[in-house]
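Chemist: Before anything else, here's the structure in question.
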Amino acid sequence: MSKILMLMRHGKSSWKEKELKDFDRPLKKRGIASSETIGKLLKASGMTPDLIFSSPAKRASETAELVVKEIDYDKDIQYIDSFYMGEPEDYIQPLKELDNDVKRVLLIGHNPGLEALLQILEGKVNVLSTGSLACLELELKHWQNLNPSTVGELVTFWDPDELDLEEVLKEIEKRKQDKKDKKEKKKKDKKDKN
């Protein structure tokens, strides 16, 4: 049994209001669009998280709220103060406290900590640009065993600035149909044998 960990960097933020503190900077239009895109992709692929943890910084909380609008998520977003300016360990800690019936978790945060966590778990260097999402399948039965030596396999990577939403949605639908067809064929073959 494995766990799914989705790491999403907040959408592109605005520097328009120079007097704002870094914590209070909102998303710009591109950040809003990329957050909505990730939400649409999560919904279409059936990857709705069981829990969402987010940094409380405005650009991250807005990202989380926009993703939630697009998916079937009926819980509260949990805001974790340590995610703002957090290191990999700050992201790992709340996960270690989760019940094992939680299978899929989405973390929304900031670089460099989030990107460093991705690199530690996957064992490769990947750029987590603003608005992008990396989905890792972790070789893990119990969240409390999560640590920097846990092995994760990157199963999905979406960078909204680099993808064609319509194409990816078509690809997701095709994969779903192929899976359904395979299931039907298996059922038919089993029936024919009997």
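Chemist: Helix-only mean residue ellipticity at 222 nm, the chain, DSSP H runs n ≥ 4 weighted -39,500 (n - 2.57), per residue, nearest 500. What is it?
Modeler: Roughly -13000 deg cm²/dmol at 222 nm, from the helical runs in the chain.
Chemist: Here's a follow-up. If you compute Cα extents along the principal axes in Å for the structure shown, which of [x] 115, 28, 20; [y] 54, 33, 25; [z] 73, 38, 33 do you land on?
Modeler: The value computed from this structure is option [z].
Chemist: Now, a different point. Please state the shape class of the range 1-45: rounded when a/c is under 1.5, otherwise prolate if a/b exceeds b/c and oblate if not, all from the C-alpha gyration tensor.
Modeler: Cα axes put the range 1-45 in the oblate bin.
Chemist: Can you tell me how much longer the chain between Asp101 and Glu139 gets when fully stretched, taken as 0.36 nm per residue apart minus their C-alpha distance, in nm with one decimal?
Modeler: Length gained between Asp101 and Glu139: 12.2 nm.
Chemist: Enumerate the lysines that Lys18 could reach by cross-link, defined here as Cα to Cα under 19 Å, with residues fewer than 8 away along the same chain left out.
Modeler: Once the sequence-local lysines are set aside, what remains near Lys18 is Lys28, Lys29, Lys58.
Chemist: Among Met47, Met6, Met85, which comes first, second and so on when ranked by fewest other beta-carbon atoms within 10 Å?
Modeler: Placing the least packed residue first, the sequence is Met85, Met47, Met6.
Chemist: Amide H neighbours of Leu140 under 5 Å, at least 5 residues apart or on other chains, H built in the peptide plane: list them.
Modeler: Lys3
Chemist: Now a separate question. Between the range 102-174 and the range 27-92, how far is it from one alpha carbon centroid to the other, in angstrom?
Modeler: If we compute the Cα centre of each part, the gap is 13 Å.
Chemist: Also: In nm, to one decimal, how far is the modelled label at Glu173 from the one at Arg30, with both set 7 Å along Cα→Cβ?
Modeler: The modelled label-to-label distance comes out at 2.9 nm.
Chemist: Spelling out what I want: for every residue of the range 38-48, take phi, set θ = phi - 60°, compute 6.51 cos²θ - 1.76 cosθ + 1.60 (Karplus), and round to whole Hz; glycine and proline get x.
Modeler: The phi angles translate into 4, x, 4, 5, 4, 5, 4, 8, x, 9, 5 Hz.
Chemist: Can you work out the Karplus-derived ³J(HN,Hα) for every residue in the range 85-96? Use 6.51 cos²θ - 1.76 cosθ + 1.60 with θ = phi - 60°, whole Hz, and x for glycine or proline.
Modeler: Those phi angles translate into 6, x, 9, x, 4, 5, 7, 6, 3, x, 5, 5 Hz.
Chemist: Hey, another quick one. Which residues' amide hydrogens lie under 5 Å from the amide hydrogen of Thr156, considering only partners 5 or more residues apart or on another chain, with H built in the peptide plane?
Modeler: So Thr156 has HN proximity to Cys135.
Chemist: To continue, here is another question. Please list 3J(HN,Hα) in residue order for the range 117-133, calculated via the Karplus relation 6.51 cos²θ - 1.76 cosθ + 1.60 where θ = phi - 60°; whole Hz, with x for glycine and proline.
Modeler: 4, 4, 5, 5, 6, 8, x, 9, 8, 10, 8, 9, 6, 4, x, 8, 10
Chemist: Mind putting together the pair-distance distribution for the range 80-193? All Cα pairs, 5 Å bins, whole percent per bin, short to long.
Modeler: 2, 10, 16, 18, 15, 12, 11, 7, 4, 3, 1, 0
Chemist: So for each of 131-142, 91-102 I average, over its residues, the number of other beta carbons within 10 Å; can you give me the resulting order with the highest mean first?
Modeler: 131-142, 91-102
Chemist: Please compute the Kirkwood hydrodynamic radius over the range 1-83, one decimal place, Å, based on all pairs of different Cα atoms.
Modeler: Mean inverse Cα-Cα distance, inverted, gives 13.3 Å.
Chemist: Still on this model: Starting from the amide H of Ile80, placed 1.01 Å from N in the peptide plane, find each other amide H under 5 Å away whose residue is 5 or more places distant or on another chain.
Modeler: Placed amide hydrogens put Ser54, Ser55 under 5 Å from Ile80.
Each reported figure results from applying straightforward, stated rules to the coordinates on display, with no laboratory input. It should be emphasised that the depicted structure is a prediction, and the values quoted were computed from it without experimental measurement. Virtual Cβ from ideal backbone geometry, glycine too; neighbours counted across all protein chains shown.
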